[in-house]
Every structure is written in C-alpha cells, then in structure tokens.
Amino acid sequence: MVISRRLHAYFQEPGFWDFLNETPLGFKLFFGAIFIFIFGSILISIVTGISRWLSNNRAPQVSEVCKVVGKRVEVWGGRKNSGVKKEHYVTFELADGSRMELQVESTEYGLIAEGDQGMISYQGTRFLNFNREISAIDRSHM
C-alpha cells in the first residue's frame with residue numbers, strides 16, 4: 001500500500017516527461033516516426049543477418065567445377081576520419097552454365113584471376129574456398 005502511494009505520488013510530481021504534455025502533436029508524430037524507422041531498420045538488419053546465417057548453416061557444403069568469369073570490389077566510406085570499407089566479389093560460372101557471385105575475403109580475391117578454372121566449395125551463399133586447376137601451360141612456366 002505504501003509502495004503504491006509512493007509510485008502514485010512519483011507520477012504526479014513534475015518530472016522529466018512533463019515536456020511531452022507541452023509538445024505539439026506534429027512534433028511528437030514526426031520524431032516518433034523517425035524513432036520507429038531507425039529502430040525498425042536496425043531490427044530488420046539483425047533479423048536478415050541471422051536468417052542468412054542460419055540458412056547458410058543449414059545448406060549442404062557443395063563442391064563444383066567452375067570458371068571465374070568476373071571480379072569486382074564494392075567500396076564505400078573514407079570521409080575525414082573514417083576508413084574505407086571494401087567487399088570483394090567473384091563471379092563463378094558452373095558446369096551447367098549458371099553463374100553465382102559470392103563475397104570472398106581480400107586474400108582469396110587477390111589469388112583468383114578471371115579465366116581461372118577449378119573447384120569451388122560453397123555453403124549456401126557462403127564462399128568456402130577455390131582450388132585452381134593448373135594447366136600444362138601453367139606448369140611449363142614454373
């Protein structure tokens with residue numbers, strides 16, 4: 001009983017949230033929408049990332065013969081004190097003619113060249129490794 005009186009008195013006294021009573025409705029709606037948009041975007045990003053991770057973990061590991069048909073780097077950032085962010089992608093053409101683009105680490109990206117042939121291993125959309133097939137012409141240069 002004493003606790004409920006204290007809580008009731010606490011919420012009746014002027015406090016931090018009283019400014020909301022004086023704030024115009026348009027202001028409340030505008031900043032409320034911004035808050036919901038930002039919170040929703042963060043929540044969607046987290047759910048999407050976890051979903052992709054779980055999907056990749058459930059997928060079987062696959063190894064297939066392929067040929068490298070393209071490479072690209074996606075770059076963003078790099079203003080003032082922030083560093084440049086890079087994501088490396090390689091496009092593989094599988095034996096059946098289908099193509100898939102996978103994100104690879106920068107160290108792997110540097111070792112793979114367009115036109116390389118070999119075995120790609122992947123799990124869902126996750127790149128595992130690429131073993132290049134060395135041809136007789138390549139062996140003669142060693």
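Taking each residue as 0.36 nm, the span from GLU101 to ASN56 lengthens on full extension beyond its C-alpha to C-alpha distance by 14.7 nm. Once you order the gyration tensor axes a ≥ b ≥ c over the Cα atoms, which shape class does region 61-134 get: rounded for a/c under 1.5, otherwise prolate or oblate by comparing a/b with b/c? The shape class here is prolate. Does region 15-81 come out rounded, prolate or oblate by the C-alpha gyration tensor, with a ≥ b ≥ c the root eigenvalues, rounded set by a/c under 1.5 and, if not, prolate when a/b is larger than b/c and oblate if not? Note, shape of region 15-81 comes out prolate. Coupling constants for region 39-51 follow from the phi torsions by the Karplus curve (6.51 cos²θ - 1.76 cosθ + 1.60, θ = phi - 60°), and in residue order they are 4, x, 4, 5, 5, 5, 4, 5, 5, 5, x, 5, 4 Hz; glycine and proline get x.
Once the Cβ-Cβ distance of PHE35 and LEU128 is raised to the sixth power relative to R0 = 41 Å, the FRET efficiency obtained is 0.50. Length available on full extension from SER82 to GLU114: 0.36 nm per residue minus the Cα-Cα distance, which gives 8.4 nm. In summary, the lysines within cross-link reach of LYS71, defined as a Cα separation below 23 angstrom excluding same-chain residues under 8 places away, comprise LYS85, LYS86. Count Lys and Arg as plus one, Asp and Glu as minus one, and take only other residues whose Cβ is under 14 Å from that of LYS67; the net charge is then -4. Loop-resident GluC sites (Glu not before Pro) (DSSP state other than H, G, I, E or B) in region 67-114 with no more than 12 further Cβ atoms inside 10 Å of their Cβ: GLU105, GLU114. A DSSP coil position with no more than 10 other Cβ atoms inside 10 Å describes the following trypsin sites (Lys or Arg not before Pro) in region 21-117: ARG79, LYS80.
Every number here is computed from the coordinates shown, using simple stated rules; none is lab data. Not measured: the values here are computed from a predicted model. Virtual Cβ from ideal backbone geometry, glycine too; neighbours counted across all protein chains shown.
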